[in-house]
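Worksheet: the structure to be examined is printed underneath.
What follows draws every value from the coordinates through simple rules; no lab data is involved. In this text the structure is predicted, and so the values were computed from the model without any measurement. Positions of Cβ are backbone-derived with ideal geometry, glycine not excepted, and every protein chain shown enters the neighbour counts.
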Amino acid sequence: MALLAPNRTVSHCCPFPHADRSFPPPSISLSPEECVETGTNVTIQCWNKDYGAAFLLHKDGCSAPTQRQDPDVVGTATFTMIGVTPADSGTYRCSCRPSGYPFLSSPLGNNVTLEVTPKPSTPGDWWWQWLGAAQLPFSSSSSLPSSSSLLA
C-alpha cells in the first residue's frame with residue numbers, strides 16, 4: 001500500500017481486505033433452494049458467531065463482493081434478490097469483516113448455487129387459429145385479426 005503525502009489522492013482502488021483465518025467463515029443458506037424460475041425472489045442468508053461483523057456476499061467470477069450488509073440482532077445478514085434472471089445464476093459465498101478491522105475479513109465460507117431458468121410457457125397461454133391458408137398465433141386475451149387485414 002502506498003503512503004500518501006498530505007493533500008494528495010490516489011486514482012486506483014484500495015486493496016481487498018486480507019483474509020484472516022482467526023475469524024471463522026460464515027455459514028450460508030439459499031431460499032428457495034437451487035433452481036428457480038425467472039422473476040422469483042431469492043433470499044441468501046449469512047451468519048456467524050461474531051455478531052459485530054459486516055457480511056459481504058460474493059459471487060464466483062466477480063472480483064468484488066456483490067453486496068454488503070450489517071447483521072441483525074441475532075447475527076444474520078439477509079440478502080434479498082428481487083425478480084432474479086438467468087444472469088443471477090451462479091455460486092455465492094459469504095465472508096465477514098469484524099467491526100473495527102476494516103482491512104481484515106474472514107475466509108470465504110461454504111457456497112450455495114443458484115440456477116435461474118426461464119419461465120416455461122403454459123399450454124393455455126397461446127392458441128393457434130387457422131384463417132384461410134395462414135396460421136397465426138394469438139393470445140386468449142387478444143382479439144383475432146380480421147381476414148381483410150391478412151389480404152393486404
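If you add up the charges near residue 113, with Lys and Arg at +1 and Asp and Glu at -1, over every other residue whose beta carbon is less than 12 angstrom from its beta carbon, what do you get?
Working: positive: 59, 93; negative: 33, 34, 60, 88, 115.
That works out to -3.
What share of all Cα pairs of region 18-114, in percent, falls into each consecutive 5 Å distance bin?
With 5 Å bins starting at 0, P(r) equals 3, 15, 26, 25, 16, 9, 5, 1, 0.
Of the peptides 87-99, 62-74, 105-117, how do they stack up when ordered by the mean number of other Cβ atoms within 10 Å, highest first?
On the way: 87-99: 19.0, 62-74: 12.2, 105-117: 17.0.
Ranking the peptides 87-99, 62-74, 105-117 by packing returns 87-99, 105-117, 62-74.
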